[in-house]
Amino acid sequence: MYTEPHTTPWAGLHTFIVHLGPQSCRCPGLLSEAAFDCVMDALNWRMPYHLRAFHCSSPETAAANPVLRAMPEFSAPLEAVLFTAPAAPMRLKDKRRKQTLSVRSKYGDYALAETEDGYTMWMESPPA
C-alpha cells in the first residue's frame, strides 16, 4: 500500500545501505513505499546479508541524519546488482561455510548468491 510520506506518522520513504568490505555505503536517492515493496517483492522479502534498509518519514529526516550523511555513496546501481542474471550458470564456493552456492545475480564485481537461509552479497572476485 502506497502512503504519502508527508501525511503519515510512519516511515514512507526508504533507502538501502550496503556493507561490503571495510565500510557501509548508502544507495543514492529515496524509494517510495511502492518502489521499496517492488524491490522486496522481487527478493521474496528475504533481505540479503550485507544489505539493510533505512526508513524515514521525509527527505529532510534522511538529509539531517548524521550517520547517512557520513556514508559514501554506493556507486553501482543496486537493482542491477540484485537482479542481473549471470550470462551462464555460476556457483560460488564459500570456504568459511564449506558450501557451494548458486549465484542468483552477477553485475561487475558484485554477486548475489543464494544460501539456505537467504541471500548473501559478494564484492569483487567471489572467494574461490
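The values are calculated or read from the model by the stated rules, or taken from the named source; none is laboratory data. Note that the coordinates shown come from a computational prediction; the quantities given were computed from them, not determined experimentally. Cβ atoms come from the backbone with ideal geometry, glycine included; neighbour counts cover every protein chain shown.
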Note to self: Going residue by residue through the stretch 54-73, is there one that turns out to be in contact with a Gly (Cβ under 7 Å, 6 or more places away or on another chain), within 12 Å of Val18 (Cα to Cα) and either at pLDDT 85 or above or of a type outside the set (Phe, Trp, Tyr) (or both)?
What the structure shows: no
Requested in this report: Could you tell me whether the stretch 52-67 includes any residue that is under 13 Å from the mean Cα position of the chain (by Cα) and either among the charged types (D, E, K, R) or over 14 Å from Leu30 (Cα atoms) (or both)?
Outcome: yes
Can you confirm whether Thr15 is hydroxyl-bearing (Ser, Thr, Tyr), on the phi < 0 side of the Ramachandran plot and part of a strand (DSSP E or B)?
yes
- Does Lys98 fit the bill of being loosely packed, with under 11 Cβ neighbours inside 10 Å and either more than 22 Å from Glu33 (Cβ to Cβ) or over 17 Å from the mean Cα position of the chain (by Cα) (or both)? yes
Checklist entry - Given the structure, is Ala76 hydrophobic (A, V, I, L, M, F, W, C), at pLDDT below 95 and either part of a loop (DSSP other than H, G, I, E, B) or exposed (fewer than 11 other Cβ atoms within 10 Å of the Cβ) (or both)? => result yes
Per the filter on the stretch 81-109, residues closer than 17 Å to Val18 by Cβ and either without any contact (Cβ under 8 Å) to a residue 40 or more places away in the chain or of a type in the set (A, V, I, L, M) (or both) are Val81, Leu82, Thr84, Arg104, Ser105, Lys106, Tyr107, Gly108, Asp109
When restricted to Tyr107, Tyr119, Tyr49, the only residue surrounded by 13 or more Cβ atoms within 10 Å (Cβ to Cβ) and out of contact with any strand residue (DSSP E or B) (no Cβ under 7 Å at 6 or more places or on another chain) is Tyr107
